[in-house]
Amino acid sequence: MPAILEIDGLTKSFGALVAVNQVSFAVEKGEILGIAGPNGSGKSTLFNLISRIPFGSDSGRVVFEGRRIERASDNQIARSGVIRTFQREAVFASLSCIDNILVAVEQTLGVRGKEAERLADEASDLVGFPKNFHNMPAVTMPVFYQKQLMLATAVAQKPKLLLLDEPASSLVENEVEWVRDTIIKLNQTGITILLIEHVLPLLMAVSRRLLVMEQGSVIALGNPAEVTREKQVIEAYLGQPV
Ligand SMILES: Nc1ncnc2c1ncn2[C@@H]1O[C@H](COP(=O)(O)OP(=O)(O)O)[C@@H](O)[C@H]1O
Ligand SMILES: [Mg+2]
């Protein structure tokens, strides 16, 4: 499989802390690549650097579909098909659910009106977000529905590569099953997925390959079952709630 995303030497420091340190790897077109690692190992920062939301890297290259994007604007990156979600539910609280989706669709794709509504409906159906919630204020939604809304918003922007940052955090078991099934469904529609997750069984269930970070660096990458047997990976997780 050809690479859809190639990352080379990506680095970001906050003062003396190197949050992402010379990270290099490639994502194959069509795969689900899981990302694990203890808290603070740089996983979310890696997504920031790829999407440039809210900031880019100090150095290194990000190549998406053969084009350098590490100095492109966040909007250009999104428009080219790289869409991220956030670890915490990130919705515009003052807007209705449907307006959350429509604002993102207009900002990223420049599409409004009927076509934007069609994309919103299609994305809602795909992730299972109930359309009868569309006109409710996003802020009144329970966490699970805010997560669904965040995912519907991402999907409506027509991602080729979806960066999911702990989509299962703070969800209960049957909701985690929704996350698993939805990730698989989205992947089957042709979306390549990078998945950061703390829920290891979920990560193991859906990932074709698993990348493990520790203190800003990639310490393992490969077959999930093999990677989780590596000594360095087990040690990185010691004392960590996984
Ligand atoms: N905006 C920021 N300013 C300063 N330090 C940050 C910032 N974002 C992340 N960090 C630090 O970078 C490290 C990696 O954080 P993060 O990428 O959120 O880790 P993870 O997602 O793996 O838990 C942590 O030590 C964190 O405190
Ligand atoms: Mg994080």
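The values are calculated or read from the model by the stated rules, or taken from the named source; none is laboratory data. Fair warning: this is a prediction, and the values are worked out from it, not measured in the lab. Cβ coordinates were reconstructed from backbone atoms using ideal geometry, including for glycine residues, and neighbour counts include every protein chain displayed. Ligands, DNA and RNA are stripped out before the accessible areas are found, and what is left, the full protein with its side chains, is counted by its heavy atoms. Shrake-Rupley method; radii C 1.70, N 1.55, O 1.52, S 1.80 Å.
(1) under 19 Å from S80 (Cβ atoms); (2) over 21 Å from the mean Cα position of the chain (by Cα); (3) among the charged types (D, E, K, R): which one isn't true of E106, the others all being true?
Condition (2) is where E106 drops out.
Name the residues in the range 169-184 that are open to solvent by less than 10 Å² (accessible area, probe 1.4 Å) and within 14 Å of G34 (Cα to Cα), would you? Give the steps one after another, and end with the answer.
First, pick out the residues of the range 169-184 that are open to solvent by less than 10 Å² (accessible area, probe 1.4 Å): 179, 182-183.
Scanning the range 169-184 gives V179, I183.
Filter the range 185-230 for residues that are of a type outside the set (A, V, I, L, M), under 19 Å from T85 (Cα atoms) and buried (at least 20 other Cβ atoms within 10 Å of the Cβ) and give the result.
Those that are of a type outside the set (A, V, I, L, M), under 19 Å from T85 (Cα atoms) and buried (at least 20 other Cβ atoms within 10 Å of the Cβ): T192, E197, S207.
Filter the helices (runs of 4 or more DSSP H) completely within the range 118-234 down to those with at least 2 residues that are under 17 Å from R88 (Cβ atoms) and within 16 Å of ligand 2 (Cβ to nearest atom).
Numbers: elements: 143-156, 173-188, 200-206, 224-227.
Output list reads 143-156.
Would you pick out the residues in the range 150-168 that are open to solvent by 10 Å² or more (accessible area, probe 1.4 Å) and under 20 Å from P224 (Cα atoms)?
Within the range 150-168, the subset open to solvent by 10 Å² or more (accessible area, probe 1.4 Å) is 150-151, 153, 155, 157-160, 166-167.
Answer for the range 150-168, where residues must be open to solvent by 10 Å² or more (accessible area, probe 1.4 Å) and under 20 Å from P224 (Cα atoms): E166, P167.
Take the conditions more than 16 Å from ligand 1 (Cβ to nearest atom), modelled with pLDDT under 95 and either outside the structural domain of V199 (by TED's automatic domain parsing) or in a helix (DSSP H, G or I) (or both) and apply them to V111. Does it pass?
No; evaluated as a whole, the condition is false for this residue.
When A16 is evaluated against the numbered criteria (1) of a type outside the set (F, W, Y); (2) surrounded by fewer than 17 Cβ atoms within 10 Å (Cβ to Cβ); (3) free of Cβ contacts under 8 Å to residues at least 40 places away in the same chain; (4) away from ligand 1 (no atom under 16 Å from the Cβ), which criterion, by number, is the only one it fails?
So the condition that A16 fails would be (4).
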